[in-house]
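Reading through the structure tokens given below for one structure.
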Amino acid sequence: MIKKLVLTGAAGRLGSYLREPLTQMAEELVSTDITDDIGALYEGETYVKADLSDLAAMTEVLQGADMVVHFGAIGDEAPFDDILQSNIIGAYNVWEAAHRNGVRRVVYASSVHAVGMHRIADNIGLDAPHRPDSYYGLSKCFAEDLGRMYWDKRGVESVHMRIFSCAQVVSPRSLSTWLSYDDLIRLVRAAVSAQTVGCSIVYGISNNDRAPVHNLGAGHIGYKPQDNAEQFAEKILAEAAPADPTDLAQMCIGGPFATIDLGESGVAQLTIIDDSKKT
Ligand SMILES: Cc1cn([C@H]2C[C@H](O)[C@@H](COP(=O)(O)OP(=O)(O)O[C@H]3O[C@H](CO)[C@@H](O)[C@H](O)[C@H]3O)O2)c(=O)[nH]c1=O
């Protein structure tokens, strides 16, 4: 059994589902988030409030840990400055803190939005290049590359779980992109317990008939999804508007993120400091 696991983003929508299963996998689970309190703790769990953008704080939280399951982040599109602090600098701090403490593996909540501009019809696998659909997706590309570099140069293992739609099935898109909560738990369990992972990518998606990607090449992770959104197809499709094959949001695996206007999401907020202009 693993001695100490750390879970970031433990108060979040997805992190909350993982707390109890992770206590079953380790002698000690340290849950962290930016919130003051996460309510009643499970047996074997402690809670530490810590800010991902604070490297010293993250280094302290990861002391003595075997692995970190990193779900703390802004989980949606946001202005670039916000994404930079939480998702980009935050990811750097987690990997750097892992390295400083000799942590063996980072299990990372990446996202479909790292490859969201790929077309559904291309049915991409794990070797497809990054093709982000938003600043949020771009931050996931950064963290995946960070993980690769820390594996190549520092021997920190990582599993990058590109999570699709981990929520109720409510639209034709989610018939293809659904990740059930139970399959999320199966995926994280597999990523933690796989023997040796190097730096691996795996799509976080249920066993959907209409899945737009495939996980060939991730067999070593041992993720075996059990749920299939097809059970909801009849009802969802009966109520759905006709498909529009010219709509990028329907053609791309990132769905509505494919049509996000970067200007609207805050590109102008990045301040570039030009040293040559300093007096
Ligand atoms: C910005 C920031 C956030 N957090 C915490 C606050 C939240 O409890 C938690 C994120 O949870 P939520 O906002 O509910 O997001 P959620 O839907 O669970 O998203 C998760 O799953 C997503 C994949 O679907 C991942 O892309 C996100 O990185 C991951 O956070 O992270 C921190 O601990 N530190 C931070 O700096």
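The values are calculated or read from the model by the stated rules, or taken from the named source; none is laboratory data. Please read these numbers as outputs of a predicted model, since none were measured by experiment. Using ideal geometry, Cβ is built from the backbone for each residue, glycine included, and neighbour counts are taken over all protein chains shown. Ligands, DNA and RNA are stripped out before the accessible areas are found, and what is left, the full protein with its side chains, is counted by its heavy atoms. Shrake-Rupley method; radii C 1.70, N 1.55, O 1.52, S 1.80 Å.
A few remarks follow.
- In order along segment 230-238, phi translates into HN-Hα couplings of 4, 4, 9, 4, 4, 5, 5, 6, 5 Hz, rounded to whole numbers, per the Karplus curve 6.51 cos²θ - 1.76 cosθ + 1.60 with θ = phi - 60° and x for Gly and Pro.
- As computed over segment 2-269, the Cα convex hull volume per residue (Å³): 129
- All-pairs Cα distance distribution in segment 110-254, expressed in whole percent, bin size 5 Å: 2, 10, 18, 22, 21, 14, 7, 4, 2, 1, 0
- Solvent-accessible area, 1.4 Å probe, carbon plus sulfur percent, for the chain: 52
- Whole-angstrom gap from segment 121-149 to segment 248-264, using each part's C-alpha centre: 15
- A cut-off of 5 Å between modelled amide H atoms, ignoring neighbours fewer than 5 places along the same chain, links ILE74 with ASN87.
- Residues whose amide H lies under 5 Å from that of LEU14, counting only those 5 or more places away or on a different chain, are absent; hydrogens are built 1.01 Å from N in the peptide plane.
- Karplus-derived 3J(HN,Hα), 6.51/-1.76/1.60, for each residue of segment 77-83, Hz, glycine and proline x: 5, 7, x, 4, 4, 5, 4
- Segment 153-207 and segment 1-72: distance between their alpha carbon centers, rounded to Å: 18
- Highest mean packing comes first when the peptides 158-165, 181-188 are listed by Cβ atoms within 10 Å, giving 158-165, 181-188.
- Count Lys and Arg as plus one, Asp and Glu as minus one, and take only other residues whose Cβ is under 12 Å from that of PRO129; the net charge is then -3.
- Solvent-accessible ranking of TRP95, TRP178, TRP151, largest area first, probe 1.4 Å: TRP151, TRP178, TRP95
- Taking every protein chain into account, the accessible area of segment 177-248 amounts to 51 square angstrom per residue (probe 1.4 Å).
- Between amide H atoms placed 1.01 Å from N, distances below 5 Å from GLY116 occur with ARG131, ASP133, all of them 5 or more places distant or on a separate chain.
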